[in-house]
Amino acid sequence: MTLYSNAQLRTIAFPIGGIGTGCFSLSGRGALVDWEIFHRPNKSCLLPNTFFSIWTRTARGAVDARVLESWPDVPLIGDVIGSNYYGFGFGARRETGAGLRHMQGNTFRGEYPFAWVDFADPALPVQVSLMAYNPFIPLNVEDSGLPVGIFAFTLTNPGSEDVEVSLAANLFNAVGYRGYGAFSYVEHGEFKGTGKQNVNRFIQEPGLSAIVMSSEHFTPDKPYGGTMALATPWQDISHQTAWLRGAWFDSLQVFWDEFSSTGRLADRVYADPSPENVSDTGSLALHVVLKPGESQTLPLLMAWHFPHFIKYWADSYRPAGPDSATWRVPYARRFGDALEVARYAAQHEARLRRETQAFHDALFDSTLPVEVVDAVTSQMSILKSPTVTLLEDGSFYGFEGVHSTAGCCEGSCQHVWNYALTHAYLFPQLERSMRHNDYVYNQFEDGRMIFRLSLPLGSPPLDFHPAADGQMGGVMQVYRDWKLSGDTEWLRGLWHGVKRSLEYAWRYWDYNQDGVMEGLQHNTYDIEFFGPNSMMQSWYLGALRCGAEMARAVGEDSSAQRYAALAEVGARWTDQNLFNGSYYEQRIDPEAARYTPFETDRSLGGQRAGVPKYQYGSGCLSDQVIGAWMARVCGIGSILDRDHVLETLRAIYRHNFRASLADHHNAQRVFALGNEAGLLLCTWPNGSRPDLPFVYSDEVWTGIEYQVASHMMYEGLIEEGLAIVAGARARYDGQRRNPWNEIECGSHYARALASWGLLLALSGFECDLTVDHVGFKPAWSPAAFRCFWSTGSGWGTYSQDETRAQMRCDYGRQTVRSWRVGLPGVTAVQLDGADLPAQYAAVEGGTLITLPAAAQLKPGVVMTTIRKG
């Protein structure tokens, strides 16, 4: 993967935190930034005095000390703090240690969930490398949801004499901070007027030393209350429970003078909590003597525990009032405070790292193209960002993305999370919880669904018109999740809601039940399409096909027949009436609103000369066959004429992908520009562009790029799909944009989780655990292929060459009764070297193996096919 250096380090902020816990980020130069551990976004937040530093002394007595960061590569004019211009004219933020001696340089390598920073400075007698991560173990939500950052500093002595080394870690006690707004050094307005303030305590117990941070005012039973901890299992340490409470620059000055001269910390304990309006900093120093050629790894942990999530918004456009809803986060049920978190992480760190490493290796030790692995893995970080939280019952909730201090567009928005795949394959129980909440809490009796879930759970749904793509996409997602889990009882429990949701289409969208959506269709572009179009049609046709199979599974054969018949009729009409020989168009109907009871609103924008605004008509829409993409993901085959779909994808690439956007005019939001490559949302190759087309038409969204690219790969357009992916990832090069934060309407935008489709398409992965079937049909380098796989019960790797295929389980369990491999002519199958009885059938590009007795794969077990002769 990419090794970032110099200017490429500028925008890097690598999220470190658990699912639903919030996170901080590791910057490209080794700083800790974007402190978002307080249950809301907080871009650019820096905790005062929170940094790492190193001290060395050689056998000859030469002493060196410096902050373990390279020099900042940003404008140094200062910051705006609160409503006062404290920063301007005062230079770089001194409380970051910016004025202290730094490392001369570093490189950064990120392979999510691990980040490595290799520092360089010829004057330092030791070499320093940092590895940082938070556990990421598919299927294991609890251990992937730990509120902790884990650091391992590897120190190497390349010289010929002994070197004493001390590594210091500082952490500011931010308990009581409301999660937004800048600090003025160690002060913040939220600490004011409370009387009692914050307290640091040093704790030492077998296997762990820690500074535990709390508050006498913001106790854990109150909103904004909680604890933090700076901890290490290293034995040879010194510590300072609290820095000097001094005036002006005294506290940082005294800390640095002491540490830089002696390499050790003298403890300081105050009998009283910190004064009003300020808080304390605590430090640990780890000590080691390195002999020539020796290396040692020093471990550190930063843990947090803020039990209460405060719903700080009323809706997408208004903050909450004083009586905000509050609930306890799931990790607060498991741990009593941050010390318990740190203790658990330290005790289990070897296993947590081993299992996380196994997942990392299965992903990165792949033969998939580098740009695909980069896209898939970098965007997994969204699940560890403040875009995602877990509700009190452990269910999954997501914003669309996040703005600087608030979530952007709340409610697990159906028409955005429609695109997201990663969580469904890595943490399927969380994805199923989204489906449960949608059908239990977010649906009216007539089947109408509001595309934004109201909180707390059980709150009345918002009174707004439904999104056609979101509602139909939800049906397809239930089908996918059912097949991934094999849990038909789960399907039965949701079926009534799923059926009502699907048949709601017959009220207003397909009012005459002819398989065609003619009505007003609200959608992910935040406007309404008037009349039939293949984007909404493909979602509808896919939902009908999935609905038919699900109805049959729960014993409703008459419904299954009806859905299937409608899907067939609707597909025929779509191919005959919307396909123009090159791609599918929209048939605008100015009277479409007559089919819906919902009033048009500001998103419709009225009409011009009798034609509705914000349509695309004869345009070539990148999303125009998205339902056909999801059909391939779900494994239901083609829902439209496959030749038409293939020709459409070719047209999308030909007309909408630009190797350079230098000549592209865009008055809308700008996510790509200049000589960057990108896939435009829509173009009008035959002219007839509306005066005011739909509002995002000239933009570039990575989520749609990944959706379109993976669909192209499913249909054999491999090079075209790879060009789109490479163009997207090239824009996030570290210098211009953060590789671990793809933006759309905010940071860490959920639509980019469509990137998992790239892995599915190139591996040809198929899964139906209702019959214990798993399959692969590699579309990339099938003669030497290796890739990660995951289902609702296990994960591992699949590989094949010209003579054999192997499926290995690394975690969980996988029952297999039928197995498709991308290898023709298979004549034998073995489980850990023992022959299995099996039947073999030739299928397109491979062999279908049926086992009379199910094979049971558990960690370390390998199933192998052999092709003889």
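Over region 389-482, the fraction of Cα-Cα pairs per 5 Å bin, rounded to whole percents and listed from the shortest bin up, is 3, 13, 26, 27, 20, 9, 2, 0.
Roughly speaking, what % of Cα-Cα pairs in region 698-774 are separated by over 20 Å, rounded to a whole number? Value for region 698-774: 38 percent of Cα pairs lie more than 20 Å apart. Overall size of region 117-176 from C-alpha positions, given as principal axis extents largest first: 47, 33, 18 Å.
Among VAL165, VAL63, VAL199, the order of accessible area from largest down is VAL63, VAL199, VAL165, computed with a 1.4 Å probe on protein heavy atoms.
Among 264-274, 699-709, the peptide with the highest mean count of other Cβ atoms within 10 Å heads the list, and the full ranking is 699-709, 264-274.
Other residues within the sphere of radius under 15 Å centred on the Cβ of ASP663, judged by their own Cβ, net out at -1 (K and R +1, D and E -1). Pairs from the list LYS483/LYS613; LYS43/LYS311; LYS384/LYS499; LYS43/LYS222; LYS483/LYS868; LYS384/LYS483 with a Cα-Cα gap above 30 Å: LYS483/LYS613; LYS384/LYS499; LYS483/LYS868. Dividing the summed -39500 (n - 2.57) terms of all DSSP H runs of n ≥ 4 by the residue count of the chain sets its mean residue ellipticity at 222 nm at -7500 deg cm²/dmol. Relative intensity of region 231-368 on a log10 scale, I(q)/I(0) at q = 0.17, 0.19 Å⁻¹, equals -1.13, -1.18, per a Debye sum over C-alpha point scatterers of equal strength in the absence of solvent.
Taking every C-alpha pair closer than 8 Å and separated by at least 6 residues, the mean separation divided by the residue count of the chain gives a relative contact order of 11 percent. Sorted largest first, the spans of the alpha carbon positions of region 1-53 along the three principal axes are 32, 27, 18 Å.
Its residues counted as N, region 530-581 yields a C-alpha radius of gyration over 2.2 N^0.38 Å of 1.24.
Amide hydrogen proximity for THR815: with H placed 1.01 Å from N in the peptide plane, the residues at 5 or more positions away or on another chain lying under 5 Å are LEU857. When the charge dipole of the chain is built from unit charges on Cβ atoms (+1 for Lys and Arg, -1 for Asp and Glu) and taken about the Cα centre, the candidate among TRP701, GLY473, PRO113 whose Cα reaches farthest toward its positive end is PRO113.
Across region 795-811, computed HN-Hα scalar couplings (Karplus, 6.51 cos²θ - 1.76 cosθ + 1.60, θ = phi - 60°) run 8, x, 10, 10, 9, 8, 10, 7, 10, 8, 10, 9, 10, 10, 9, 10, 7 Hz from first to last residue, x flagging Gly and Pro. Each residue was assigned an accessible area with a 1.4 Å probe, and for ARG492 the value is about 110 Å². Angle of helix 428-441 to the longest C-alpha principal axis of the chain, folded into 0 to 90 degrees and rounded to 10: 70°. Shape descriptor for the chain: Rg over Rh equals 0.99 (Cα atoms; Rh from the Kirkwood inverse mean 1/r). From most to least packed by mean Cβ count within 10 Å, the peptides 520-532, 853-865 give 520-532, 853-865. As a rough guide to protection, the peptides 434-444, 202-212 ranked by mean Cβ packing within 10 Å, highest first, stand as 434-444, 202-212.
Dipole of the chain computed with +1 at Lys/Arg Cβ and -1 at Asp/Glu Cβ about the Cα centre; of PHE464, TRP248, ALA677, farthest Cα towards the positive end is TRP248. Averaging 1/r over every pair of different alpha carbons in region 411-453 and inverting the result gives a Kirkwood radius of 10.8 Å. To the nearest 10, the accessible area of GLU142 is 110 Å² with a 1.4 Å probe. Magnitude of the charge dipole for the chain, about its Cα centre and with charges confined to Cβ atoms of Lys, Arg (+1) and Asp, Glu (-1), is about 460 debye.
Taking amide hydrogens as placed 1.01 Å from N in the peptide plane, the amide H of ALA13 sits under 5 Å from those of TRP740, each at least 5 positions away in sequence or on another chain.
The values are calculated or read from the model by the stated rules, or taken from the named source; none is laboratory data. Remember, predicted model here, so these are calculated numbers, not experimental data. Ideal geometry is used to build each Cβ from the backbone, glycine not excepted, and the neighbour counts take in all protein chains shown. Note: accessible area is taken over every heavy atom of the protein model, side chains too, but ligands, DNA and RNA are not part of it. Shrake-Rupley method; radii C 1.70, N 1.55, O 1.52, S 1.80 Å.
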